[in-house]
Structure formats: C-alpha cells, structure tokens
Amino acid sequence: MGLDFDPIDEAARQWGLRWDGVPQMHAVTSLMRVHQLVLSRLDAILKPHDLTFARYEALVLLSFTRRGSLPLGKMGERLQVHPTSVTPIVDRLESAGLVRRVPHPEDRRAILAEITDAGRALVEVATADLLAAGFGLAALDDTSLTGMSELLRPVREAAGDF
C-alpha cells in the first residue's frame, strides 16, 4: 500500500513554496507520524492483554515503586499526564483486577493505586512481548536509538520535563 513518494517530503516542498521553517515543519511532521505508527504498533501488541500503552505504563510505574502503590496525583506527575487522565486509566486497571484502590496510610484524604499480583504478572508477560517487538522501533539499531533519545532530550528539557 506504500506510496511511490514520501508525503512528508512533498508536504515540505509545498510548504517551502509559501513559508520558511521547512526543516522544523519536516521534523515535527516526521516525529508526529512516527509517534502515530509506534503507538499503533504498541497498542496492537498489548491488545491481546486488554491493555493500551497508557495502561501498561501505569502498571510498570506501580511495579517500580517500593510498596507497589502511589497516590493518583503522583502517578500523573510521574507519567507526565494531566491528573484527570489517571482516573480512567486506574478505573480500567481496577476493573480488570490489575490494581486496587486503597486508603493512604498517612493521609486519609488520599487514595493509592496499588498493583495486584495479577498486575505484576501481566507486566512481565506484556514486557516480554514489547521487547520481542523492539518496542515498535525494531528498524533502528541501539546506536540510532541512543542518538534519537539524546537528540530529543533538549526539546524535553526546554519544555520542563526535568
């Protein structure tokens, strides 16, 4: 189904006839297209586990903690998503028996999301599947992957990610 030309190259050519910023337009359009492709691939890999990549990330985050639990607000910070996005993620994971909501031991106002044994087991299986697929980036070698991460770091830093 592939085209006989690169549509992003063509869009950049057309862009350049009207405006400046061709390298930026080409880079951001390429980045957004790769984001779509990779996220679609990751979601397809995780679908048999009834997971999306967002839910997988939440499970992994919880599995990294000492107690296997975090307040929902802290999850939002660590996942770098709006706090209102965490609630539906936890709702789905809870309904699947992968996490449970528990009272915070020190703050009666707060609720923790806690990973269950089933959630921990699913993290292992789903991670094996993602690793086998190269996290959707199997077309790149380790040197290219490291270079890509380093190339994007200043953009993330400038945005206040860290």
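Annotations for the structure displayed:
- Among the conditions (1) in a helix (DSSP H, G or I); (2) more than 22 Å from GLN36 (Cβ to Cβ); (3) modelled with pLDDT of 95 or more, the only one that ALA113 does not satisfy is (1).
- Extreme residue, modelled with the highest pLDDT, among residues of the stretch 60-72 that are out of contact with any strand residue (DSSP E or B) (no Cβ under 8 Å at 6 or more places or on another chain) and open to solvent by 40 Å² or more (accessible area, probe 1.4 Å): PHE64
- Residue under evaluation GLY119, criteria (1) more than 16 Å from THR52 (Cα to Cα); (2) outside any strand (DSSP E or B); (3) not β-branched (Val, Ile, Thr), criterion not met: (1)
- Residues in the stretch 37-59 that are of a type in the set (A, V, I, L, M, F, W, C), more than 11 Å from the chain's Cα centre (by Cα) and surrounded by fewer than 18 Cβ atoms within 10 Å (Cβ to Cβ): LEU37, ALA44.
- Only one of the numbered conditions (1) in a helix (DSSP H, G or I); (2) open to solvent by less than 90 Å² (accessible area, probe 1.4 Å); (3) of a type outside the set (S, T, N, Q) is violated by GLU150, and that is (2).
- Some residue of the stretch 76-88 being open to solvent by 20 Å² or more (accessible area, probe 1.4 Å), touching a residue at least 40 places away in the same chain (Cβ under 8 Å) and assigned to a helix (DSSP H, G or I): no
The values are calculated or read from the model by the stated rules, or taken from the named source; none is laboratory data. From a predicted model like this one, the values you see are computed outputs, not experimental measurements. We place every Cβ from the backbone using ideal geometry, glycine too, and count neighbours over all the protein chains shown. All accessible areas refer to the heavy atoms of the entire protein, side chains included, with ligands and DNA or RNA removed. Shrake-Rupley method; radii C 1.70, N 1.55, O 1.52, S 1.80 Å.
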